[in-house]
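> One structure follows; several queries about it will come next.
Read the figures in this text as sums done on the coordinates, not as results from a lab. All of these numbers come straight from a predicted model, not from anything done at the bench. Cβ sites come from the backbone with ideal geometry, for glycine too, and all protein chains shown count toward neighbours.
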């Protein structure tokens, strides 16, 4: 019994470590964009430079549905472990390309096109990783602890963000800000690529999921998934609000603080500490979700997101003290934890095992591409148009849609 438990723990750590590295590589783009936006954009306006760069960031999300289809289908056909390995290799390749890209001064408009290409490769990779990781962790979990086990997907996802923000803080200690703008940002992508390759070694200790996929001839196909189309659209409806909330609260918030006049280094350090707390909150809220029900957790998040996101953002533009800013961000992170702690498990348990990775990943990726990755880009477009509050109306509408969809989720007893 103890041996089985130890193997399960090792498998969770191995799966999660690769997940952490993939998300570090993906998020280092967002958090370091302010330092390299001018390298690829021909505009002299900093806001337009950020819009162009975050447009590329958003484009990576539109490859996620394709990545989730390719890797999710592969995971349902040949196993979760093999598919995870391929996705990590693709992420490493994208990071190394970005690190080596020439600037617009060297190759003109081709610079932004090559940046887009590398970002699309990373989008393919992460599109596959999310659904497989959620599926794998849900299949390792025991009854009554599924939210707790599933929460480790976002522990490592947030850990990837934390590592990305932390690495920038370290870089700002080692390099001057001028050097960050000139060349030092490239080091971050080299490190990301090396970490991705290193995670391949760790994933060798993973056990393959125990599900018997060979019993299903139509496993991993869209035809098989279409038989569960109602639940597939439920995943899209809930992920639309959840992903928008996630990227609004964890990614756009740094850009918002900087544009509001908060010092770049200070905003980075505050976010670094807050992300650590967000990571710690995941298992706690995962256990809470196991007790109150995953459905209730999702409904609580969408309600609190509807009433709380705009007021807290409004306060960020008023409060000047570091402690005050930190507490505002922490409050937003507490709201977010009701979603992130159970996000993977609620999706995975909606589908039977032979289309679980495909249904979980594709449903998430479609909604995430449209509403999640575009969040910073859409917010900056509203700001550039002089109507920044319009973005928060958009967020509120998606929270209403998420609440209604969550209400119609089947009960846990109907999913066993």
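> Take the alpha carbon gyration tensor of region 275-404, find the square roots of its eigenvalues, order them as a ≥ b ≥ c, and report rounded if a/c is under 1.5; if not, report prolate when a/b exceeds b/c, else oblate.
oblate
> Relative to the longest principal Cα axis of the chain, at what angle does helix 264-292 sit, 0 to 90 degrees, rounded to 10?
The angle comes out at about 20 degrees.
> While we're on this one: Express in whole angstrom the spacing between the alpha-carbon centres of region 279-342 and region 152-170.
When both Cα centres are located, 18 Å separates them.
> At 7 Å along Cα-to-Cβ for each site, give me the label-to-label distance between residue 396 and residue 179 in nm.
Roughly 4.7 nm, to one decimal.
> Among 389, 19, 52, which one moves the most in a GNM of the chain with springs linking Cα atoms closer than 10 Å?
389
> Could you work out how far apart the two model spin labels at residue 233 and residue 221 are, taking each label as a point 7 Å from the Cα in the direction of the beta carbon, and quote it in nm?
2.3 nm
> As a test of the formula, what do you get for the chain when each DSSP H run with n ≥ 4 contributes -39,500 (n - 2.57) and the sum is divided by the residue count, at 222 nm and rounded to the nearest 500 deg cm²/dmol?
Helix contribution divided over all residues of the chain: -26500 deg cm²/dmol.
> May I ask you to compute the full-extension gain from residue 408 to residue 106, defined as 0.36 nm times their residue separation minus their alpha-carbon distance, rounded to one decimal in nm?
Between residue 408 and residue 106, full extension yields 103.3 nm more.
> Still on this structure, I have one more. Decide, for region 283-353, between rounded, prolate and oblate: order the square roots of the alpha carbon gyration tensor eigenvalues as a ≥ b ≥ c, take rounded if a/c falls under 1.5, and otherwise choose prolate if a/b is larger than b/c, else oblate.
prolate
> May I pose another question? Between helix 294-316 and the chain, what is the angle of the helix's C-alpha long axis to the longest principal axis, kept within 0 to 90° and rounded to the nearest 10?
For helix 294-316, the angle is close to 10 degrees.
> Could you work out which residue, out of 259, 45, 269, moves most in a Gaussian network model of the chain, that is, has the largest mean-square fluctuation with Cα springs under 10 Å?
Residue with maximal mean-square fluctuation among 259, 45, 269: 45.
> Also: How far apart, in nanometres, would the label points at residue 273 and residue 197 be if each is projected 7 angstrom from Cα along the Cα-to-Cβ direction?
Going by the 7 Å Cα→Cβ label model, 3.7 nm.
> Could I ask something else about it? Compute the relative contact order of the chain as a whole-number percentage, counting only Cα pairs closer than 8 Å that sit 6 or more residues apart in sequence.
Here the relative contact order equals 29 percent.
> Let me ask another. Any idea what angle helix 356-367 forms with the longest principal axis of the chain, computed on alpha-carbon atoms, 0 to 90 degrees, nearest 10?
30 degrees
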